[in-house]
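A.B. asks: I am attaching a structure below and will ask some questions about it afterwards.
The values are calculated or read from the model by the stated rules, or taken from the named source; none is laboratory data. As the structure is a prediction and not an experimental result, all values here were calculated from the model. We work out accessible area using only protein heavy atoms, side chains counted, and drop any ligands, DNA or RNA first. Shrake-Rupley method; radii C 1.70, N 1.55, O 1.52, S 1.80 Å.
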Amino acid sequence: MRAENDRPMLGKTENDRPMLGKTENDRPMLDKLFGLEEGTCYLVRGKKAETSYLLFQAIVERGTPGLCITTMYPEKVRSRYSLASVPVWWISFVPGDQHYAPNAIGILAKVIEGFVDENPAGCVVLLDGVESIMNNIGFDKDMLFVQHMNEYVMSRRAVVLFTVDPECFRLSEFARLERSLKSIDEPQLRQALDNPEHYPRTGIR
């Protein structure tokens, strides 16, 4: 068995990280087990978006309010990741309630801001759709949206997870994304999620 200090870390040292889940004051905070920090937008880089969904699932199962914004059909997301009580909104040109066109970034930003403001004690937002937004409005406008959300979250008790496949971007574009956000490597994140003896969680196998 590996020593305690050998376990995979995604952020600062354990003593520097606040917890996510319920505290003695019943206030959700950020999870020291996954090394996440309040007021931070994360770039989860890799081809397997599923890993971000598993992290999101693990966080909300520990008591933190969550909002999922996805390019996948919402009912499939709810079923696959046991998110029946979590709002799942669709990035799609298909008309409907809680459907948002990938070029409607102003509306999308207000949706995220509203959710963060409604949960001042702490929340998590998963946005799986950065590439779709870029394909519809161009990289520069997509980058402005990402930077705005990053600045908005900084002074609040929230975490935003952006799932990104580096191969969908030019090298120079992806470098700009990485400079703006904290980066988490997908294989490292999956290692943490698949390590139940060091990272206890429910509903993820």
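A.B. asks: Longer than 22 Å from Cα to Cα, which of K48/K76; K48/K110; K76/K182; K47/K76; K47/K182 are they? Say none if no pair is.
C.D. replies: K48/K110; K76/K182
A.B. asks: List the residues, sorted by chain then number, that are 5 or more residues from S183 or on another chain and whose placed amide H is less than 5 Å from its amide H.
C.D. replies: L43
A.B. asks: Ignoring ligands, DNA and RNA, please state the percent of accessible area on the range 77-205 from carbon and sulfur, probe 1.4 Å.
C.D. replies: 51 percent
A.B. asks: According to the square roots a ≥ b ≥ c of the eigenvalues of the Cα gyration tensor, what is the shape class of the range 73-123, taking rounded for a/c under 1.5, prolate for a/b larger than b/c otherwise, and oblate for the remainder?
C.D. replies: Because a/c hits 1.5 or more and a/b fails to exceed b/c, the range 73-123 counts as oblate.
A.B. asks: Does the range 86-169 classify as rounded, prolate or oblate by the C-alpha gyration tensor (a ≥ b ≥ c root eigenvalues; a/c under 1.5 gives rounded; else a/b over b/c gives prolate, otherwise oblate)?
C.D. replies: oblate
A.B. asks: Could you let me know the centre-to-centre spacing of the range 111-137 and the range 55-72, using Cα atoms, in angstrom?
C.D. replies: Computed from Cα coordinates, the inter-centre distance equals 11 Å.
A.B. asks: For L36, enumerate residues with amide H under 5 Å from its amide H, sequence gap 5+ or separate chain, H modeled in the peptide plane.
C.D. replies: Counting only residues 5 or more places away or on other chains, the set is D31.
A.B. asks: With a 1.4 Å probe and all protein chains kept in place, how much accessible area does D194 have, in Å² rounded to the nearest 10?
C.D. replies: Approximately 80 Å² for this residue.
A.B. asks: Amide H to amide H under 5 Å from G129: which residues, 5+ apart in sequence or cross-chain, H placed 1.01 Å off N in plane?
C.D. replies: T163
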